Number of protein chains: 2
Amino acid sequence: MSPENRILVVGSVALDSIRTPYGQAVDALGGSASYFSFSASHFAPVAVCAVVGEDFPKEHRLRLEDRGVDLSGLETAPGRTFRWRGEYMAELAHAHTLETQLNVFADFHPKLDAKHRRAPYVFLANIDPELQLEVLDQVRRPRLVLSDTMNYWIARKPDRVFEVLRRVDVALLNEEEARALAGETHLARAADKLLAEGANAVIIKKGEHGALYQSREERFITPAYPVLALTDPTGAGDSFAGGFLGLLARSGRGDGEALRQAMAAGTAMASLAIESFSPARLIETDAAEIEGRVKALHGMVHYDLFPIFGS
Amino acid sequence: MSPENRILVVGSVALDSIRTPYGQAVDALGGSASYFSFSASHFAPVAVCAVVGEDFPKEHRLRLEDRGVDLSGLETAPGRTFRWRGEYMAELAHAHTLETQLNVFADFHPKLDAKHRRAPYVFLANIDPELQLEVLDQVRRPRLVLSDTMNYWIARKPDRVFEVLRRVDVALLNEEEARALAGETHLARAADKLLAEGANAVIIKKGEHGALYQSREERFITPAYPVLALTDPTGAGDSFAGGFLGLLARSGRGDGEALRQAMAAGTAMASLAIESFSPARLIETDAAEIEGRVKALHGMVHYDLFPIFGS
């Protein structure tokens, strides 16, 4: 593939132990950079900048490499890999974190090599906004930078989170994060406020209610893909990011039509992610299935307007 | 206008006293049939079947008649008009009922005259499902019947609510009502279950998250119109019903494209209803404003698909 559509992700590669009403997984391959990479790799070549410990299983590394993911920026540091343990209750709406072991992630500072600095598409996954800013200082004129964050950083470093928002092209937030960062419960007003504070564009993820894209020029809404076999919501947001940025990288477009279809591609990838434990479905899916879900989403919103009050 | 697009609504005409963080109203014109009528009357002629007490103010009657609403089926019974007193907290998500006085509504039984029995479009607003069934026994081959209900009836008379669902063309429910009636928290599964139980089509209203239409043939989602001047959510659902049924009656169509645009028309009318106390905005709006909101909603979801993986 052309180097013009390369995507760089800076985030976490982790070992997740997850329990949901439908089963559990122990030390499964997880982390924002992993989910993002499996998702985006269906669209364009992906390189990871992250850190793992000496205990990181070789088979996990192979699963990423099998999808063509460039792991030259995946550092191995002395110590143990970042671990997260969580569970979901009956509604699967929120993860309850039982344990977070930062391990080697505690001292991580992303160092991009020359090739990665020139990646035209960049995803700053949910890490300390200080680290996201370090990445922004290293990259050279990317075409599009997408960022993510979480309530933890919004509560502790709101100024830094805002600084990232102003420097990236599109910022991903979930509903609660958007409300917390804007200090505004009404979602349409929260989006307006984030733009007024200097964000260029925001995507607000609303889980089963879909997602909203808002910039000064565009307001666009996509429904969620109706997943009946919901199994494990972990990684839905990063998989969304992978489909969104992946479609833009693959098409090379950044116009309104492409942004809208990118929202559908993100939604399709998130729907696949949550149908299995760990990224299993994301790995085994293919172009036909992804294109099928994007078309189904389009079919759920598309219609031709006719005049209502014309004589 | 042609008698072919006449709409009959059977529901409540009430005096509402409402407090929200933005102000209050005392003994304002309210009730499901009032909101529905103001909304639908922008699209097609509406007749009301309801009951009020001897204290019902003449100016409220005139406001309905000024919109061309046929009040020949609005019975005046000895006693006081149905009254509702409620308040909304900061998020405006749920009404807290402070007092309900059924008054003359307690003994209401809808009696349709010959003209009303032949109405081609019928809205069974939120009343006792036994009364809704009485109306269904009286009407003569309507083209389309839309029903509404509420948790109160779902908890007390679920079998009767299901009987109505099976006999109408489209049933309106909000999110909690759909979950409660289906006994299923996952919304896509709840909609499937209601269809499996015999509903022909359901519309699930999700407030600021928009609305879902689902039948065996169609699944369609419309976002909410982003209202920044949210003032009083009372009547949003009945105003939605008025726009939905109004558009279908006006266009005379029942195909998928019309159903989709009817969802947008319903959404536009709901957005107007909640911008003022009582139905003030619904009354003063006009064709240009309604058509403008429908177009804006269409613009928020519309895009042309391009192939993602085509070579």
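Phi angles across segment B:260-271 convert, under the Karplus curve 6.51 cos²θ - 1.76 cosθ + 1.60 with θ = phi - 60°, into 3J(HN,Hα) values of 5, 5, 5, 4, 5, 5, x, 4, 4, 5, 4, 5 Hz, Gly and Pro given as x. I'd like the distance separating the alpha-carbon centroids of segment A:256-284 and segment B:5-27, in whole Å. Between the Cα centre of segment A:256-284 and that of segment B:5-27, the gap is 43 Å. Comparing the full protein assembly with the isolated chain, the residues of segment B:228-269 losing at least 50 square angstrom of accessible surface (1.4 Å probe) are B:Leu228, B:Arg250, B:Glu257, B:Arg260, B:Gln261. Here the Kirkwood formula, the inverse mean of 1/r across different C-alpha pairs, assigns segment B:7-52 a hydrodynamic radius of 11.4 Å. Across peptide B:214-225, the mean count of Cβ atoms from other chains lying within 10 Å of each residue's own Cβ comes to 4. The trypsin sites (Lys or Arg not before Pro) of segment A:251-308 include none that DSSP puts in a loop with a beta carbon having at most 13 other beta carbons within 10 Å. Rounded to whole Å, the principal axis extents of the Cα atoms in the protein assembly as shown read 86, 46, 44, largest first. Evaluated at q = 0.11, 0.16, 0.20 Å⁻¹, the base-10 log of the normalised Debye intensity for segment B:1-132, with identical point scatterers placed on the Cα atoms, takes the values -0.40, -0.81, -1.18. Between segment B:179-236 and segment A:202-250, how many Å separate their Cα centres? Centre-to-centre (Cα) distance: 20 Å. For segment B:100-114, 3J(HN,Hα) computed residue by residue from phi via the Karplus equation (6.51, -1.76, 1.60; θ = phi - 60°) reads 10, 10, 5, 6, 4, 6, 4, 10, 6, 9, x, 10, 8, 7, 4 Hz, glycine and proline entered as x. Once a ≥ b ≥ c are taken as the square roots of the eigenvalues of the Cα gyration tensor of chain A, is the result rounded (a/c under 1.5), prolate (a/b larger than b/c) or oblate (a/b not larger than b/c)? It is rounded, given that a/c, with a ≥ b ≥ c, falls under 1.5.
For segment A:78-164, what proportion of DSSP beta bridges, expressed in % and rounded to the nearest 5, is antiparallel? In segment A:78-164, approximately 60 percent of DSSP beta bridges are antiparallel ones.
Length gained on full extension, A:Ala106 to A:Asp286: 61.2 nm, using 0.36 nm per residue less the C-alpha separation. Out of the DSSP beta bridges found with both residues in segment A:1-149, what percent are antiparallel (nearest 5)? In segment A:1-149, DSSP labels about 35 percent of beta bridges as antiparallel. For the protein assembly as shown, DSSP calls about 40 percent of its internal beta bridges antiparallel. Peptide packing: for B:6-18, A:187-199, the average count of neighbouring Cβ atoms within 10 Å per residue gives the ranking B:6-18, A:187-199, highest mean first.
Under the combined filter of DSSP loop state and at most 12 neighbouring Cβ atoms within 10 Å, segment A:20-99 retains none of its trypsin sites (Lys or Arg not before Pro).
Fully extending the segment from B:Ala114 to B:Glu65, taken as 0.36 nm per residue of separation minus the present Cα-Cα distance, adds 15.6 nm. Using the Karplus relation 6.51 cos²θ - 1.76 cosθ + 1.60 with θ = phi - 60°, the per-residue 3J(HN,Hα) values for segment B:190-200 come to 4, 4, 4, 5, 5, 5, 4, 7, x, 5, 7 Hz, with x marking Gly and Pro.
Contact order for segment B:109-153, expressed relative to its length and based on alpha carbon pairs under 8 Å spaced 6+ residues apart, stands at 50 percent. Loop-located GluC sites (Glu not before Pro) in segment A:94-190 (DSSP state other than H, G, I, E, B) with a sparse environment of at most 16 neighbouring Cβ atoms within 10 Å: A:Glu184.
The values are calculated or read from the model by the stated rules, or taken from the named source; none is laboratory data. Just so you know, these numbers come straight off a predicted model, no measurement behind them. All Cβ positions, even for glycine, are placed from backbone atoms using ideal geometry, and neighbour counts span all protein chains on display. We work out accessible area using only protein heavy atoms, side chains counted, and drop any ligands, DNA or RNA first. Shrake-Rupley method; radii C 1.70, N 1.55, O 1.52, S 1.80 Å.
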